[in-house]
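K.L.:
What follows is a structure written as structure tokens; I'll ask about it next.
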Amino acid sequence: MFRFYHIVTFVSCQYLFCFIFFSLCGMINLVKNTAKTLGGRLMTVGENIRRIRKERGLTQKQLGELVGASEAYIRAYESGRRNPKPSSLEKIANALAVNPEVLENSDFDMIKAMHRLFQIARQYNGHLFACKDEEGNDTVGIRFETLTLMNAWCQRYEKFLEDVEKCNEIKDAKKRGEALIKAETDYDRWMDTYPEQSGNTGSVK
């Protein structure tokens with residue numbers, strides 16, 4: 001899971017301004033680190049399906065039944081022997097109650113990561129600016145004037161920070177570790193299911 005240094009939002013002149021601060025040297029890694037990782041690398045479509053299926057407590061057979069596919073198909077998807085079609089991926093995402101983009105293979109190098117940032121900045125009127133963090137270190141900020149949905153993310157992120165702070169107050173090391181894992185899992189699930197969706201129809205082919 002990725003980490004921002006700090007996020008601040010405020011409303012002014014009918015625009016939501018969202019400031020995202022991150023270290024200058026870590027700018028390129030920001031986008032790449034948002035993807036789930038496995039052993040230091042980004043997860044494939046099949047690995048994402050397996051991860052979330054297990055989080056939901058489903059077997060391959062049960063997931064197959066939900067989307068109208070055989071257990072063998074689900075196993076082939078998860079192992080990487082077959083790649084699901086976009087329509088099939090959407091049905092699997094619906095069955096797992098996540099956004100289809102969560103399952104997609106978002107493996108891209110640093111150059112592609114930069115171009116992804118460029119695209120987001122163009123589409124949502126992003127502005128870069130140099131600034132200092134609370135410790136006086138050089139940072140880079142991105143201000144989005146039109147990406148108002150960031151407000152929900154900022155609020156959820158602040159809640160995650162509060163949860164972590166409460167977890168760190170637990171004296172028992174084992175219970176503290178379990179609480180931290182739960183806080184991170186809950187935050188991951190919020191991102192995986194954003195925006196919340198339900199229902200699944202049709203069969204996978």
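K.L.:
Is it the case, given these coordinates, that Arg82 is in contact with a strand residue (DSSP E or B) (Cβ under 6 Å, 6 or more places away or on another chain), basic (Lys, Arg), surrounded by 13 or more Cβ atoms within 10 Å (Cβ to Cβ) and over 18 Å from Met191 (Cα atoms)?
P.N.:
Here the answer is no, as Arg82 does not meet what is asked.
Yes or no, residue by residue, for (1) more than 30 Å from Lys182 (Cβ to Cβ); (2) without any contact (Cβ under 8 Å) to a residue 40 or more places away in the chain; (3) of a type outside the set (Asp, Glu):
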position	(1), (2), (3)
Gly126	yes, yes, yes
Phe144	yes, no, yes
Leu147	no, no, yes
Glu162	no, yes, no
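K.L.:
For Lys171, work out the one condition from (1) at pLDDT 85 or above; (2) assigned to a helix (DSSP H, G or I) it doesn't fulfil.
P.N.:
Failing condition for Lys171: (2).
K.L.:
I'd like to know if region 135-154 contains one or more residues that are outside the structural domain of Glu55 (by TED's automatic domain parsing), assigned to a helix (DSSP H, G or I) and charged (D, E, K, R).
P.N.:
no
K.L.:
Give the residue, chosen from Leu161, Leu147, that is of a type in the set (A, V, I, L, M, F, W, C) and farther than 23 Å from Val98 by Cβ.
P.N.:
Leu161
K.L.:
Continuing with this model, one more query. For the condition closer than 28 Å to Ile92 by Cα and either among the β-branched types (Val, Ile, Thr) or modelled with pLDDT of 85 or more (or both), what is the one hit in Phe118, Phe160?
P.N.:
So the residue among Phe118, Phe160 that is closer than 28 Å to Ile92 by Cα and either among the β-branched types (Val, Ile, Thr) or modelled with pLDDT of 85 or more (or both) is Phe160.
Quick grid of which residues meet (1) more than 13 Å from Asn48 (Cβ to Cβ); (2) of a type outside the set (Val, Ile, Thr); (3) buried (at least 16 other Cβ atoms within 10 Å of the Cβ); (4) under 24 Å from the mean Cα position of the chain (by Cα):
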position: Lys91; (1), (2), (3), (4): yes, yes, yes, yes
position: Ala95; (1), (2), (3), (4): yes, yes, yes, yes
position: Asn99; (1), (2), (3), (4): no, yes, yes, yes
position: Met114; (1), (2), (3), (4): yes, yes, no, yes
position: Arg122; (1), (2), (3), (4): yes, yes, no, yes
position: Asn125; (1), (2), (3), (4): yes, yes, no, yes
position: Lys132; (1), (2), (3), (4): yes, yes, no, no
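K.L.:
Next up: State which residue is farthest from Ala95 (Cα to Cα) when the search covers only region 163-180 and only residues that are of a type in the set (A, V, I, L, M, F, W, C) and in contact with a helix residue (DSSP H, G or I) (Cβ under 9 Å, 6 or more places away or on another chain).
P.N.:
Only one residue tops the list, namely Ile170.
K.L.:
List every residue pair whose Cβ atoms lie under 6 Å apart, where the two residues are 6 or more positions apart in sequence or sit on different chains, the first residue falls within region 43-71 and is within 19 Å of Asp186 (Cα to Cα), and the second residue, located anywhere, is hydroxyl-bearing (Ser, Thr, Tyr).
P.N.:
Hits for this filter: Ile49/Tyr77.
The values are calculated or read from the model by the stated rules, or taken from the named source; none is laboratory data. For clarity, every value in this text was computed on a predicted model and none was experimentally measured. A quick note on method: Cβ atoms are made from the backbone with ideal geometry, for glycine too, and the neighbour counts reach across all protein chains shown.
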